[in-house]
Amino acid sequence: MLLLDEIVEWEHERIVCKKTFQPDEWFFQGHYPNFPIVPGVMLCEAAMQAGAVLLSKHPKGEGVPVAGRLNDVKFKRMIRPGDTIQIEAILDDRMGDAFFLSAKVTCEGKSAVTLNFAVTLAKREALP
């Protein structure tokens with residue numbers, strides 16, 4: 001489930017991506033009937049996916065980014081079908097294989113979600 005349509009900017013410690021939510025997205029079916037909104041968990045997932053893309057070209061970035069925690073999540077605006085969000089993820093710190101990031105999701109220039117999250121790099125294991 002990819003929640004990023006486009007990479008707008010990509011620097012060493014910062015990435016900006018966009019996503020437009022189409023009216024036929026599967027999660028709108030039950031969230032909520034006759035008043036569809038993007039579930040908050042999907043907005044957090046989009047932010048973490050942007051963070052994973054940011055880390056994909058980081059030195060010693062071998063492994064699969066796995067979410068370790070979310071902190072200080074604040075939902076400030078509803079996102080509806082047809083809305084385009086902009087996601088900015090910033091690498092704030094790194095300790096070994098742990099990466100600490102912050103993200104801001106905006107829509108029409110207004111804040112929709114802010115959060116901090118941490119990921120670790122899970123080693124890829126060979127399949128039998």
Using only Cα atoms and rounding to the nearest 10 degrees, what angle (0 to 90) does helix 40-55 make with the longest principal axis of the chain? 30
Please give the calculated 222 nm ellipticity per residue for the chain, where each DSSP H segment of at least 4 residues contributes -39500 (n - 2.57) and the sum is spread over every residue; nearest 500 deg cm²/dmol? -4000 deg cm²/dmol
Probe 1.4 Å, all chains present, heavy atoms only: Ile79 accessible area in Å², nearest 10, is 0
Pairs of lysines 8 or more apart, or on different chains, with alpha carbons under 30 Å: count those in the chain, would you? 25
Summing +1 per Lys or Arg and -1 per Asp or Glu among the other residues with Cβ less than 13 Å from Ala122's Cβ gives -1
Relative contact order (%) - criterion: Cα under 8 Å, at least six apart; region: the chain: 28
Please compute the Kirkwood hydrodynamic radius over the chain, one decimal place, Å, based on all pairs of different Cα atoms. 15.2
Working with all protein chains in place, sort His58, His12, His31 by solvent-accessible area computed with a 1.4 Å probe, largest first. His12, His31, His58
The range 60-83-the range 93-128 distance, computed between alpha-carbon centres (Å): 7
Arg77 and Asp5 label points (each 7 Å along its Cα→Cβ direction) are spaced in nm at 1.6
Using a 1.4 angstrom probe with every protein chain in place, what is the largest-first accessible-area order of Arg94, Arg124? Arg124, Arg94
Quote the accessible area belonging to Phe75 in square angstrom, nearest 10, computed with a 1.4 Å probe and with ligands, DNA and RNA left uncounted. 120
Hey, if we sort Glu6, Glu108 by accessible area with the 1.4 Å probe, largest down, what's the order? Glu108, Glu6
The range 89-128: radius of gyration over Cα atoms, expressed as a fraction of 2.2 N^0.38 Å: 1.65
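The values are calculated or read from the model by the stated rules, or taken from the named source; none is laboratory data. Note that the structure is a prediction, hence the values are computed from the model and not measured. Cβ sites come from the backbone with ideal geometry, for glycine too, and all protein chains shown count toward neighbours. All accessible areas refer to the heavy atoms of the entire protein, side chains included, with ligands and DNA or RNA removed. Shrake-Rupley method; radii C 1.70, N 1.55, O 1.52, S 1.80 Å.
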